[in-house]
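Chemist: Shown below is the structure under consideration.
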Amino acid sequence: MLNLRSCSSSETTCACLSLQVDVMALMTWWGLTIDTVSCINLVLCIGLCVDYSVHIALHFLSQIFFGVFIFGVFHGLVFLPVLLSLIGPAPYSTGSAAPLDSDNISSYSSEKMVVINGHSYTQVICLGGGTISCVIH
């Protein structure tokens with residue numbers, strides 16, 4: 001980032017100096033003398049040159065930052081998930097825990113009676129395979 005800024009600022013400085021030398025050479029070739037009006041025109045020339053060059057450099061840098069943002073979003077949301085799905089680890093563990101069904105739920109569960117707004121419910125908390133699920137009947 002710092003290298004990019006210093007590079008663009010040095011290029012802008014070279015462009016402004018080059019334009020100033022060109023304008024002064026053109027004034028000499030036309031036979032114009034350095035007087036008050038010529039100095040005002042040279043100052044205006046420097047101001048317009050700096051303004052134009054800096055806006056071009058700034059637009060170039062903002063385009064680069066926009067490109068970095070777009071590529072970062074693409075890699076984070078599209079490229080990396082696709083790459084991980086192709087060569088990454090399995091998305092879910094294939095452990096040897098038996099699935100919970102009506103046969104083995106009693107060994108992994110606890111029941112509790114819950115009363116909410118005058119209605120009674122049975123809360124079944126199932127523990128198995130590293131997951132906790134809660135069923136209210």
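Chemist: Does Leu44 satisfy being loosely packed, with under 12 Cβ neighbours inside 10 Å and either on the phi > 0 side of the Ramachandran plot or under 35 Å from the mean Cα position of the chain (by Cα) (or both)?
Modeler: So Leu44 does not fit the description; no.
Per-residue answers, yes or no, for (1) loosely packed, with under 10 Cβ neighbours inside 10 Å; (2) under 17 Å from Ser18 (Cβ atoms):
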| position | (1), (2) |
| --- | --- |
| Asp51 | no, yes |
| Ile56 | no, yes |
| Ile70 | no, no |
| Val73 | no, no |
| Leu80 | no, no |
| Leu83 | no, no |
| Ile87 | yes, no |
| Ala90 | yes, no |
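Chemist: Is there any pair with a first residue in the stretch 59-73 that is within 17 Å of Thr12 (Cβ to Cβ) and a second that is open to solvent by less than 100 Å² (accessible area, probe 1.4 Å) whose Cβ atoms are under 8 Å apart and which are 6 or more apart or on different chains, and what are they?
Modeler: What qualifies is Phe60/Ser8; Leu61/Leu4; Leu61/Ser8; Ile64/Leu4.
The values are calculated or read from the model by the stated rules, or taken from the named source; none is laboratory data. What you see is a predicted model, and the numbers here were worked out from it, not measured in a lab. Heads up, the Cβs are rebuilt from the backbone with ideal geometry, glycines too, and the neighbour counts pull from every protein chain shown. To get the accessible areas, we keep the full protein, side chains included, count just its heavy atoms, and leave off ligands, DNA and RNA. Shrake-Rupley method; radii C 1.70, N 1.55, O 1.52, S 1.80 Å.
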